[in-house]
1. Going by how many other beta carbons lie within 10 Å of each one, how would you line up Glu477, Glu188, Glu67, fewest first?
2. Using a Förster distance of 60 Å, how high is the FRET efficiency between Asp139 and Ala466, based on the Cβ-Cβ distance and rounded to 0.05?
3. Mind jotting down the distance between the C-alpha centroids of segment 390-422 and segment 534-588, whole Å?
4. Tell me, what HN-Hα J-couplings in whole Hz come from the Karplus equation 6.51 cos²θ - 1.76 cosθ + 1.60 at θ = phi - 60° for each residue of segment 353-365, using x for Gly and Pro?
5. Hey, if you put +1 on the Cβ of every Lys and Arg and -1 on every Asp and Glu Cβ in segment 235-571, which of Val337, Val464, Ser247 ends up farthest toward the positive end of that dipole?
6. Quick one: dipole size for segment 352-479, taken about the Cα centre, charges +1 on Lys/Arg Cβ and -1 on Asp/Glu Cβ, in debye to the nearest 20.
7. Through the Karplus equation 6.51 cos²θ - 1.76 cosθ + 1.60, θ set to phi - 60°, convert the phi angles of segment 531-543 into ³J(HN,Hα) values in whole Hz; use x for Gly and Pro.
8. Could you pull out every residue, at least 5 positions away or on a different chain, whose amide H is within less than 5 Å of the one on Thr513? Hs are placed 1.01 Å off N in the peptide plane, and Pro or chain starts have none.
Amino acid sequence: MAYLNPGEPQKRLKLFVGIVTVIALLFVGRLFYTQVIDAERLNTISSDQRSVPRTLPAIRGTIYDAEGKVLAKTVMRYDINVAPSKVAEFTRTLNDQDVQVTVDQAAGEMASALSMTKAAVLKKITGTGEYAQVKKRVDAAAYRQIKDLKIPWVYTDAIADRLYPNGAVAGNIVGFVNAEGIGVAGIEQMYDKCLAGVSGQETFETGADGIKIPESTVTITEAVPGRDVHLTINADLQYYAQQVMASTVSYLRGDWGSATIIDIKTGRILAAAEAPTVDPNAPEKSKSEDRGARIFQQAFEPGSTLKTITAAIAIEEGKATPETKVTVPYSWPLPGVNYNITDSHVHPTEQLTTTGILRDSSNTGIAQIGGLVDYKIRRAYLDKFGLGSKTSIGFPGEHSGLLNTLENWDGIKRWVSTFGQGVSVTPIQSAMMYQALGNGGVLLEPTLTDGCADENGKYATAPVKAGKQVVSAATAESTLLMLEKVVEHGGIGHYGAVPGYRIGAKTGTAQITDPATGRYGSLHAVSYIGLGPIEDAQFVVAVTVYKSRTISNSFGVAGPFKKIMQQTLRTYRVPPSTTKSPNIAEEW
């Protein structure tokens, strides 16, 4: 090995320079490799470690009524958060000058923007943790003020907040969303895919201290807003009907009540009012059974409102006319069955026509009229009128009602079904039966929405679908004229008369089965279903209260029907009737 002699400084210098040069070249080479050759991979790794993903919520679509009133909308709220461990003084640039901002000063600014005290803000932001919520769900104005402060250790989370500006108005139909913003009832559930939109995504980078790096946000996917849904409901009419039903249910001490309004010519549902109902802003405050739409979801025996259909079937089959004569006793033994049926009140044997039977709502009379038609044929008509089948609306949880198969129509059911026992209907089915009679015998499919708007926000009024001719126009007209006599001369029916208008209607008092005994109990479902004006029927109003406890017959709902029908005719500016009803024999 060679050694440098102490007297050879030049050689020592050259060796030192050489070693330094080699080391420098190694560093340069490594730096070149890192910054040029391997830069993309390292940047990706670094970015992944610094990047924080965040979902951009899509704005849920709006639900409107038929007149454009907002029933449900989404607004953005913002949670204001901090990382207490990162709270410190920071530099803010103002007018091209750097200014130091103390924690105390920042807390005061935040307090002003958030309508809080500085002490409350300081309490929230003091600590060693990585997360603290200063204020939850502030509005857009407060959010903008916080953003403008540019405090590096403050960050926000956007929250889509669903609001229902009209509260409980149509709450049973509109439905509500869960904590995740997913529709779980009513239209919100039915049109969830349309309303929801598609969430986007963005990322932002944080430094080693965990604080977001300014201007580092990168949007990866833009959120696609949800589309709007337009209902056929008239919110003003809905509100009025709900007020009437709330008062009625309270007075009658019923379990619930409903009022359905149908545009006869189109099948559009103008109101679907219920009491009790739900405020979608706070569904948890309502009982679980009050959060749905009983108009679609609750089935009950219709009682005497089905007598109208029995009479129409007999007329259509050529077995009866409005003036067919029948001897009507209080009690009548069913042919071939060891069973007697009776009327609701004791009376001597009467001589009534079909019209008089409807006027007095006689069970023994309508059973004789219904018996003129083979029960198999009569059941087929009930099927055509929509009993036993869900509507085409597809409302969540809709009930089909009950129309027993022919095999289950024993000797008694064949007869009692003529006056609404042994079958069950939903309120919408009840209303639509009368819609068919008012529409020249043509049953339409009910319509609740005009569908979902397209990507451009455009929507078209739902077309009127071709209906089904269930009875002839002549039969329908004859039936309406009979119903008019119920309102003109009926003991209870006349309480639903609307001054200035020709109205036809039928009362209904249906017994309710006691689940404990399987027999009919002492409570009833009371109904009043009518249409008008008779000379050119425009609207059906169907009112029902379930388990009325203070008035056990349809007298309790005749007045509410009158109020709602009056308001409907007034809302749509229907002129008063100018014709009078013809004379029809009611007795003989």
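Computed from the coordinates by the stated procedures, all read-outs in this text should not be read as laboratory data. These numbers were taken from a predicted model, which means no experiment stands behind them. A quick note on method: Cβ atoms are made from the backbone with ideal geometry, for glycine too, and the neighbour counts reach across all protein chains shown.
1. Numbers: Glu477 16, Glu188 27, Glu67 12.
The order, fewest Cβ neighbours first, is Glu67, Glu477, Glu188.
2. Numbers: r = 49 Å, r/R0 = 0.81.
Efficiency, rounded to the nearest 0.05: 0.80.
3. What the calculation gives is 25 Å, centre to centre.
4. Once θ is set to phi - 60°, the couplings for segment 353-365 become 8, 4, 5, x, 4, 5, 4, 8, 6, 7, 5, 5, x Hz.
5. Val337
6. Values: 11 positive and 11 negative charges, 70 e Å.
In total the dipole reaches around 340 debye.
7. 9, x, x, 4, 5, 7, 4, 10, 9, 9, 10, 10, 10
8. Under 5 Å from the amide H of Thr513: Gly521.
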